[in-house]
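> Below is one structure. I have some questions about it.
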Amino acid sequence: MAIALYTHPDMLDHRPGAGHPEKPERLSAVLDALSDATDLHLEPMEAPLADLAELQLVHPEAYVKAILEAEPSSGLRRLDPDTAMSVGSARAARRAAGAVVSAVREVAAGQRQRAFCAVRPPGHHAEPGRPMGFCLFSSVAIGARAAQAAGLARVAVVDFDVHHGNGTQAVFEDDASLFYASVHQWPHYPGTGQPSETGVGNVANAIVPPHAAKAAWRAAFESIMARVDAFSPDLIIVSAGFDAHAHDPLADQSLEEDDYAWATRAIVDVARARAQGRVVSSLEGGYDLRALGRSAVAHVRALQAA
Ligand SMILES: [Zn+2]
């Protein structure tokens, strides 16, 4: 099966500062690794700029305008201790959200089943009214709302980034037509995502301690996938962060590429059983360039295996 690959070079122009782990080379590493994997059947697609109405599917108008106007004319503008904007950041963030929106619309229209969005900045920490944790717009949550507007009534997000997606959860937790499932390290940034946070019965948080065995991570992941299966979504959107990799500098987990392939197969299995195979995946974290590229390849390879 061919996989749509949504990306755009504008997303290399977001430069949050020297030494910042969320650097442009991350996107290059992913694209280079995908390009080198000659067994992948990728259909390159241009990630469009999300427009104001699309961003406002999740964020208040005043927030969207404030972010777009916060872009500096030179240098850096710091929004929080981890999150900064450079020249080009607003377009990059609009492309990142636009990629997910376009991908879900194509899937909703029946034009394809699977897509991978190679994007940055990531999105899952951005709350409706607050940038946070390298994230400006809550891209995956925006994609979920766009999918609903395109006729896919029930949308589940599976977030295997090592950090809890507090922003996505904030959008989803009061809306029973959406489901948010996350496995993440705890204690760890951002400090949310306890299993006791259950929304309106539509949030499943599974935690693993630092230095957890792979088997513990897999068991936690299986527990959330059982909940996603029971929710019976029309579409699964993946917050694909690869920072639970053993080599990642920002966390203390022990996953390797084959674990991401395994997790992706589990997602595809539920999608085939419940959602006519529909899966849209979007890059979140992952900060060791080599591990990031190899993990993304393993993920996309498993996505394309019907
Ligand atoms: Zn992360």
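The values are calculated or read from the model by the stated rules, or taken from the named source; none is laboratory data. Worth saying up front: this structure is predicted, and the values here are computed from it rather than measured. All Cβ positions, even for glycine, are placed from backbone atoms using ideal geometry, and neighbour counts span all protein chains on display. To get the accessible areas, we keep the full protein, side chains included, count just its heavy atoms, and leave off ligands, DNA and RNA. Shrake-Rupley method; radii C 1.70, N 1.55, O 1.52, S 1.80 Å.
> Test G191 against the stated conditions and say whether it is within 16 Å of the ligand (Cβ to nearest atom) and either open to solvent by 10 Å² or more (accessible area, probe 1.4 Å) or within 14 Å of the chain's Cα centre (by Cα) (or both).
Values: within 16 Å of the ligand (Cβ to nearest atom): yes; either open to solvent by 10 Å² or more (accessible area, probe 1.4 Å) or within 14 Å of the chain's Cα centre (by Cα) (or both): yes.
Judged against the criteria, G191 is a match.
> Taking H247 as the residue in question, decide whether it is touching a helix residue (DSSP H, G or I) at 6+ places or on another chain (Cβ under 6 Å) and either open to solvent by less than 40 Å² (accessible area, probe 1.4 Å) or farther than 21 Å from V140 by Cα (or both).
Numbers: touching a helix residue (DSSP H, G or I) at 6+ places or on another chain (Cβ under 6 Å): yes; either open to solvent by less than 40 Å² (accessible area, probe 1.4 Å) or farther than 21 Å from V140 by Cα (or both): yes.
The answer is yes for H247.
> Also: Go through the range 135-152 residue by residue and tally those that are part of a loop (DSSP other than H, G, I, E, B), away from the ligand (no atom under 16 Å from the Cβ) and among the small types (G, A, S).
Total satisfying the criteria: 2.
> Considering only the range 90-107, I want to know if a residue exists there that is in contact with a Leu (Cβ under 8 Å, 6 or more places away or on another chain), under 24 Å from S73 (Cα atoms) and surrounded by fewer than 24 Cβ atoms within 10 Å (Cβ to Cβ).
Yes, the range 90-107 contains at least one residue that is in contact with a Leu (Cβ under 8 Å, 6 or more places away or on another chain), under 24 Å from S73 (Cα atoms) and surrounded by fewer than 24 Cβ atoms within 10 Å (Cβ to Cβ).
> Would you pick out the residues in the range 223-237 that are part of a loop (DSSP other than H, G, I, E, B) and among the acidic types (D, E)? Step through it out loud before you land on a result.
Here is the first cut: in the range 223-237, the residues part of a loop (DSSP other than H, G, I, E, B) are 232-234.
D234, the sole residue that qualifies.
> State the number of residues belonging to the range 84-138 that are polar (S, T, N, Q) and touching a His at 6+ places or on another chain (Cβ under 8 Å).
So the count comes out to 3.
> Would you check which residues across the range 258-292 are assigned to a helix (DSSP H, G or I) and within 16 Å of the ligand (Cβ to nearest atom) and list them?
Quick first cut of the range 258-292, residues assigned to a helix (DSSP H, G or I) only: 258-274, 289-292.
Selection gives D259, Y260, A263, L289, A291, L292.
> Here is a further query. Find all pairs meeting these conditions: Cβ atoms under 7 angstrom apart; at least six residues apart or on different chains; first residue within the range 240-265 and within 19 Å of L5 (Cβ to Cβ) and of a type outside the set (A, V, I, L, M, F, W, C); second residue away from the ligand (no atom under 11 Å from the Cβ) and open to solvent by less than 50 Å² (accessible area, probe 1.4 Å).
E257/S295; E257/A298; Y260/S295; Y260/A298; Y260/H299; T264/H299; T264/A302; T264/L303
> Can L255 be described as touching a Phe, Trp or Tyr at 6+ places or on another chain (Cβ under 8 Å), within 16 Å of the ligand (Cβ to nearest atom), open to solvent by less than 50 Å² (accessible area, probe 1.4 Å) and more than 19 Å from V140 (Cβ to Cβ)? Reasoning before the result, please.
On the way: touching a Phe, Trp or Tyr at 6+ places or on another chain (Cβ under 8 Å): yes; within 16 Å of the ligand (Cβ to nearest atom): yes; open to solvent by less than 50 Å² (accessible area, probe 1.4 Å): yes; more than 19 Å from V140 (Cβ to Cβ): yes.
It is true that L255 is touching a Phe, Trp or Tyr at 6+ places or on another chain (Cβ under 8 Å), within 16 Å of the ligand (Cβ to nearest atom), open to solvent by less than 50 Å² (accessible area, probe 1.4 Å) and more than 19 Å from V140 (Cβ to Cβ).
> Give the number of residues within the range 37-63 that are touching a residue at least 60 places away in the same chain (Cβ under 8 Å) and surrounded by 13 or more Cβ atoms within 10 Å (Cβ to Cβ).
Going through the range 37-63 one residue at a time, the tally reaches 12.
> Just the residues that are in a loop (DSSP other than H, G, I, E, B) and of a type in the set (D, E, K, R), please, taken from the range 178-222. Outline the logic, then answer.
So in the range 178-222, the residues in a loop (DSSP other than H, G, I, E, B) come out as 186-202, 209-213.
Answer for the range 178-222, where residues must be in a loop (DSSP other than H, G, I, E, B) and of a type in the set (D, E, K, R): just E197.
> What number of residues within the range 258-291 satisfy the criterion of being open to solvent by less than 10 Å² (accessible area, probe 1.4 Å), within 24 Å of P209 (Cα to Cα) and under 16 Å from the mean Cα position of the chain (by Cα)?
So the first thing to find is which residues in the range 258-291 are open to solvent by less than 10 Å² (accessible area, probe 1.4 Å), and the list is 259-260, 263-264, 267-268, 271, 275, 277, 279-286, 291.
Of the ones still in play, those that are also within 24 Å of P209 (Cα to Cα) are 259-260, 263-264, 267, 283-286, 291.
Okay, now just the ones that are also under 16 Å from the mean Cα position of the chain (by Cα), so 260, 263-264, 267, 283-286.
Of the residues in the range 258-291, 8 are open to solvent by less than 10 Å² (accessible area, probe 1.4 Å), within 24 Å of P209 (Cα to Cα) and under 16 Å from the mean Cα position of the chain (by Cα).
> Identify the single condition in (1) open to solvent by 10 Å² or more (accessible area, probe 1.4 Å); (2) within 15 Å of the ligand (Cβ to nearest atom) that V238 does not satisfy, given that it satisfies every other one.
If we test V238 against (1) open to solvent by 10 Å² or more (accessible area, probe 1.4 Å); (2) within 15 Å of the ligand (Cβ to nearest atom), just (1) comes out false.
> Sticking with this one: Given (1) surrounded by fewer than 16 Cβ atoms within 10 Å (Cβ to Cβ); (2) among the charged types (D, E, K, R); (3) touching a Pro at 6+ places or on another chain (Cβ under 9 Å), identify the lone condition not met by D82.
Among (1) surrounded by fewer than 16 Cβ atoms within 10 Å (Cβ to Cβ); (2) among the charged types (D, E, K, R); (3) touching a Pro at 6+ places or on another chain (Cβ under 9 Å), D82 violates only (1).
> Take the residues in the range 153-177 that are part of a loop (DSSP other than H, G, I, E, B) and away from the ligand (no atom under 11 Å from the Cβ), then tell me which one is most open to solvent (accessible area, probe 1.4 Å).
The extreme case among them is D174.
> For the range 201-216, does any single residue satisfy the condition of being surrounded by 22 or more Cβ atoms within 10 Å (Cβ to Cβ), within 16 Å of the ligand (Cβ to nearest atom) and under 23 Å from L27 (Cα atoms)?
no
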